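Have a look at the structure below, then the notes.
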Amino acid sequence: MIKKSEEVLAEVHRNCALALQSISDILPEVEDDGVREELLHQHEEYEKLGGRAALLAKDRGVELKNPGPIKKAMMWSSIKMNTLKDNSRAHLAEMMVQGTVMGITALKSSLAEMSEEGADEEVRALAEELLKSEEEFEGRWKELLA
């Protein structure tokens with residue numbers, strides 16, 4: 001299946017929106033200053049990239065959808081249940097690695113399926129930038145696990 005630039009842009013937006021929601025849900029459970037700083041740094045990066053995705057979508061007349069309330073509630077409850085049992089640095093880092101890997105997988109898949117013909121280079125560049133950030137985040141979380 002070949003994805004259009006609009007679909008890749010929607011994936012970038014969805015990825016950023018889910019990451020921002022997850023970080024917002026997890027922050028109240030964090031007691032470790034190092035973890036809190038990393039989460040705040042990543043939140044800022046996702047906001048920047050998500051904002052750029054929104055501007056590109058507006059310029060191209062693409063309507064982006066945010067995760068629905070059911071998806072948000074499921075994420076919130078999953079995070080609360082996971083951190084209720086264990087809100088240690090290692091467990092929080094493990095949770096973030098899992099979420100980041102899901103984002104990396106979705107982005108790699110979208111980029112691989114993106115149509116070469118008529119591909120929007122700004123969209124591709126933004127998706128690749130987000131992918132690079134996600135891979136860096138994964139590495140930082142894995143360092144916190146060590």
Legend entry - Overall form of the stretch 24-68 per C-alpha gyration tensor (a/c, 1.5; a/b vs b/c): oblate
Legend entry - Coordinate range along principal axes, alpha carbons of the chain, Å, largest first: 48, 32, 26
Legend entry - Exposure rule at most 16 other beta-carbon atoms within 10 Å, DSSP loop GluC sites (Glu not before Pro): the chain longest free segment: 64-115
Legend entry - K58 paired with A119, simple spin-label distance in nm, labels 7 Å along Cα-to-beta-carbon: 2.7
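Values quoted throughout were computed directly from the atomic coordinates according to the rules given, and no laboratory measurement underlies them. Just so it is clear, the structure is predicted and the values come from calculations on it, not from any experiment. Note that we place each Cβ from the backbone using ideal geometry, even for glycine, and neighbour counts take in every protein chain shown.
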